1. Only residues in the stretch 104-117 that are within 15 Å of residue 94 (Cβ to Cβ) count as the first member; pair them with residues that are buried (at least 23 other Cβ atoms within 10 Å of the Cβ) and among the charged types (D, E, K, R), Cβ under 9 angstrom, at least 6 apart or cross-chain, and list the lot.
2. Working only within the stretch 396-422, note down all residues that are at pLDDT below 85 and within 14 Å of residue 432 (Cα to Cα).
3. Does the stretch 150-160 contain at least one residue that is farther than 28 Å from residue 355 by Cα, part of a loop (DSSP other than H, G, I, E, B) and over 14 Å from the mean Cα position of the chain (by Cα)?
4. State the number of residues belonging to the stretch 121-170 that are closer than 18 Å to residue 89 by Cβ, in contact with a helix residue (DSSP H, G or I) (Cβ under 8 Å, 6 or more places away or on another chain) and among the β-branched types (Val, Ile, Thr).
5. Can you name every residue in the stretch 312-338 that is within 25 Å of residue 391 (Cα to Cα) and surrounded by 21 or more Cβ atoms within 10 Å (Cβ to Cβ)?
6. Which of (1) assigned to a loop (DSSP other than H, G, I, E, B); (2) under 22 Å from residue 238 (Cα atoms); (3) under 15 Å from the mean Cα position of the chain (by Cα) is the odd one out, the single condition residue 166 does not satisfy?
7. Just the residues that are at pLDDT below 95 and either surrounded by 23 or more Cβ atoms within 10 Å (Cβ to Cβ) or polar (S, T, N, Q) (or both), please, taken from the stretch 75-88.
Amino acid sequence: MTCWCGFTATPPSRRTCVGSRGRCVRRPGDTGGGGRSACSPTAGWRQYGCSRGGGVRMPEVSVIIPTHNHACYLPEAIESVLDQTYRDFEAIVVDDGSSDNTQDVVTCFGTRVVYIRQENRGSPAARNTGIRASAGEYVAFLDADDWFLPHKLQIQAAYLDRHPSIGLVASGWIETDVYGKTLRTVKPWLSNRPFLLAECVLGVPLVVHCVLVRRAWLEAVGLFDESIRWAEDFDLWLRLLADGCRFAWLPEVVCRRRFHGQNMSYSPKHMLDGSIAALDKLYARTDLPLNVQQLRNLAYAMAHMGAIARACNQGLLDEAYHYLEQAIEIEPALLFGHPCRLIEALVGWSDHSTVTDRQKYLDALLYVLSGKVYSVERQLRKAMARLHMGHVFTEWASGEVRTLHSELLKALWLDPSWLLNRGVLSIAVRSFLYRIGYIDAARRKGVGDETFC
């Protein structure tokens, strides 16, 4: 029987992996050859079931796709996995109690995809079900409404193969609207420092489908916490970092993240509750470095600022004001500086693809902050100028000269004092020369090493 998506409907009666090479699977607690002690999750190897009944060998990568009532998006997600240039993988769809035709959709792909159904317990539990049913040395996650670019698994698996001390590799992504139209491309490595717990406790610049992580590390920290239904990935990243897992950037764009009605209006309260639960777990540890302990108040305040931003974006102004009061009470130093850290963080949220009307969001911020922050309009202008100038610097560093000019003009209009910065003047001159064709993109190099204030 052939179904609507063009694939023969054969029930997936057994697991198969696509082009598997029979790799060994690393497990925590194993001891490797030569008498090495498994002192960390990345130490030691053993031959773990490299063949299963019928000679089916273990894949190197397991892709876990949790889904709940996303049958309309699921075929594109599955196809993006099956179309990978890297072939040593298995694909597992975990149906988290869907009431739509999710099972029929997966059945269309035959034995190339493993289908598991469970009662509705949330995406953390669905991911854990997939991990426990999988066999790959590396694990990737893909939400049913998103999709991978064709080279995702190939370049990230190759990176982990080359860097055995790295436990998780992360890359960039493209954000799209419900129809797949590009909203923006996110390259977090351009504006974020290396992964340190003292940085990430204030916010981790990752989405779950842009990473590839070693199974050993997931098992070492106990997988996802199923009691945290929101911000569960934030909790996982913090636990991995606190236990010593090393993260690294691979500066490539590897997936597309779709924004639609259901994921653009996450409850500010739910996300805040999840973030606080993650921080409570982290700060209950007795082995945290001193610099992380000293960031406790700021970390909780930053979680509240995420709630302020979401509430402002959804027009929940009274709720936003409530979170603002809590954030300032937790960390009064948020009001220090010009612009203050509070405003800089909240203005930064205006870049997010869930903010479909930036001016409406900024007007909501102005309303909520008035009376709590002095010279709020002036500070908002300076913070917006810094945001645009940040785009200028990152675009200049990455060679995106074509879009730089408009960001530069916006920054200078909001805060002309940037003209006193020699680096900015140099970029302005060179971008103008590029626009009139006097120099090409290859010759604009040379300013990227300058220090900007």
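The values are calculated or read from the model by the stated rules, or taken from the named source; none is laboratory data. Since this is a predicted model, take the numbers as computed values, not measurements. Methodologically, a virtual Cβ is constructed for each residue, glycine included, from the backbone with ideal geometry; neighbour enumeration extends over all protein chains shown.
1. So the pair list comes out as 106/95; 113/90; 114/90; 115/95; 116/95; 117/95; 117/96.
2. Within the stretch 396-422, 396, 400, 401, 402, 403, 404, 405, 406, 407 qualify.
3. Pass one, the stretch 150-160, residues farther than 28 Å from residue 355 by Cα: 150-151, 153-160.
After this cut, where a residue has to be part of a loop (DSSP other than H, G, I, E, B) as well, the list is 150-151.
Filter once more, keeping what is over 14 Å from the mean Cα position of the chain (by Cα): 150-151.
Yes, because at least one residue in the stretch 150-160 is farther than 28 Å from residue 355 by Cα, part of a loop (DSSP other than H, G, I, E, B) and over 14 Å from the mean Cα position of the chain (by Cα).
4. Matching residues across the stretch 121-170 total 3.
5. Hits for the stretch 312-338 are 312, 313, 334.
6. It is condition (3) that residue 166 fails.
7. Of everything in the stretch 75-88, just one residue is at pLDDT below 95 and either surrounded by 23 or more Cβ atoms within 10 Å (Cβ to Cβ) or polar (S, T, N, Q) (or both), namely 88.
Residue-wise test of (1) outside the structural domain of residue 395 (by TED's automatic domain parsing); (2) crowded, with 22+ Cβ neighbours inside 10 Å; (3) touching a residue at least 12 places away in the same chain (Cβ under 8 Å).
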| residue | (1), (2), (3) |
| --- | --- |
| 181 | yes, no, no |
| 185 | yes, no, yes |
| 191 | yes, no, yes |
| 218 | yes, yes, yes |
| 225 | yes, no, yes |
| 233 | yes, yes, yes |
| 251 | yes, no, yes |
